[in-house]
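The values are calculated or read from the model by the stated rules, or taken from the named source; none is laboratory data. Owing to the predicted nature of the structure, the values given are computational and were not obtained by experimental measurement. Cβ placement follows ideal geometry from the backbone for every residue including glycine, while neighbour counts extend to all protein chains displayed. Please note that ligands, DNA and RNA were not included when accessible areas were found on the heavy atoms of the full protein model with its side chains. Shrake-Rupley method; radii C 1.70, N 1.55, O 1.52, S 1.80 Å.
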Amino acid sequence: MSTEHTGFCPVYRAIGVLQEKWVLHIVRALLNGEKGFNELARAVGGCNSATLTQRLEHLETLALISKRTEDTQGKLARSVYTLTPAGLELQSVIDAIDTWAVTHLNTPAPAPAAFSELPATDCAG
């Protein structure tokens with residue numbers, strides 16, 4: 001069944017997930033290996049704890065990351081996050097963005113408008 005009949009566009013859906021603030025920063029940080037919550041917060045930089053928790057829970061729901069809890073002998077349990085195989089596949093997406101940016105964005109520019117206002121009918125791919 002084609003996407004025009006179902007109304008589902010995988011590109012539009014992927015952009016919706018990846019454009020959420022902090023998502024690609026979290027993925028990039030975890031591409032370097034598993035991290036505890038505080039270590040991840042420092043690696044991402046600038047994201048408040050509540051927002052980071054929300055994004056991590058959402059990425060876990062999407063099966064892009066996994067969370068395990070480590071007992072730290074009498075201290076509070078430590079949450080450790082790692083990318084799942086699906087999350088690791090985002091490396092190629094980040095590499096493609098990097099290659100494109102190096103080729104086409106030679107100078108710093110203002111951030112573009114968010115993609116969130118794209119109508120669902122604007123689907124490429």
(request) Filter the range 9-40 for residues that are among the hydrophobic types (A, V, I, L, M, F, W, C), open to solvent by less than 30 Å² (accessible area, probe 1.4 Å) and free of Cβ contacts under 8 Å to residues at least 60 places away in the same chain and give the result. (result) 17, 23, 26, 29, 30, 40
(message) Would you confirm whether or not the range 105-123 contains a residue that is charged (D, E, K, R) and modelled with pLDDT under 70?
(response) yes
(message) With the requirement that a residue be more than 13 Å from the chain's Cα centre (by Cα), open to solvent by 80 Å² or more (accessible area, probe 1.4 Å) and closer than 21 Å to residue 15 by Cα, what does the range 47-100 give you?
(response) 85, 97, 98, 99, 100
